[in-house]
Amino acid sequence: MSTFEKLPRHVAIIMDGNGRWAKKHKLKVAMGHRKGTEALRSIIRESSDLGIEALSLYAFSTENWKREPQEVEALMGLILEFFSSEIDELDEKNVCIRILGDKAGLPEKQRQVLMEAEERTGKNTGLKLNIAINYGGRAEIAMAVRKICEKVQKGEMQPEDIDEGAVARHLYTHGLPDVDLLIRTSGEMRLSNFLLYQCAYAEFMFPAVLWPDFDLAAYHEALHAFGSRERRFGGR
Ligand code: FPP
């Protein structure tokens, strides 16, 4: 196993390129997502084995509903399949699952499975695995503002209590460290509304590899590159 000089506490990944991978292999897009789910499985396992504190994966954005119904259905099916087949192993590995996003907007079956996974693993103390489903970063910030306003209205909070930490405590990621390393595969260089607040000081990496081909060697390369970057957080 590789040794790392300095590991990020929180890794976030935009798993991009499943569609292009499928096209390249003359397969249906759903097969790209299926292959992408295999990559996701091994990256989760490795993150847990390396002792990374938190891993956040962008599985389905609020904008992804605009895709063809068959593709949306395939993704929803994979989400169901993934949680049903992996939950025992993840629980055994002490992984704590949290869903980032609006679960109320999901089909009933998916909502149930995701809530069960969160409930079952909620007290686990290992890798904090966050899966963003029906997630949008701006919507998340708007939700946090709404929650804070409600508290102020009820007298539970004062306007002067509202600082950066207070906002962070009302996001889906409350209690987690900020993102240290953001990886987006497939060479695209955009944040696409992912963890906007939490990525304020993240290091960004954009490997050219398509997500289904993102293997452990590619992950280790990104982790090593992170270790050699100098982070100043605005200082000198
Ligand atoms: C982006 O590739 C990827 C997605 C929109 C979905 C990511 C989902 C998975 C990897 C699997 C399902 C998730 C779980 C939790 C089981 P793209 O299709 O936009 O790629 P393209 O830009 O090449 O078309």
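None of the figures in this text is laboratory data; all of them are computed from the coordinates on show. Everything numeric in this text was worked out from a predicted model, so none of it was measured. So basically every Cβ, Gly included, is an ideal-geometry build from the backbone, and we count neighbours across all protein chains shown.
Miscellaneous remarks
- Estimated inter-spin distance, R111 and K26, nm [label 7 Å along Cα→Cβ]: 4.3 nm
- Of the residues D163, D178, D215, the one that moves most in a GNM of the chain with alpha-carbon contacts below 10 Å is D163.
- Convex hull (Cα only) mean projected area of the chain, reported in nm² to one decimal: 14.2 nm²
- Sequence-distant contacts, meaning Cα pairs under 8 Å at least 6 residues apart, place the relative contact order of the chain at 30 percent.
- For the options C96, C149, C199, a Gaussian network treatment of the chain with springs between C-alpha atoms closer than 10 Å singles out C149 as fluctuating the most.
- With the simple spin-label model, which puts each label point 7 Å out from Cα in the Cβ direction, the A225 to E53 separation comes to 2.4 nm.
- Each Lys and Arg contributes +1 and each Asp and Glu -1, all at the Cβ; summed about the Cα centre of segment 109-176, the dipole is approximately 360 debye.
- Taking 20 Å as the straight-line reach from the Cα of K24, the lysines in range (excluding those fewer than 8 positions away in the same chain) are K35.
- In units of the compact-protein estimate 2.2 N^0.38 Å, segment 107-236 shows a Cα radius of gyration of 1.27.
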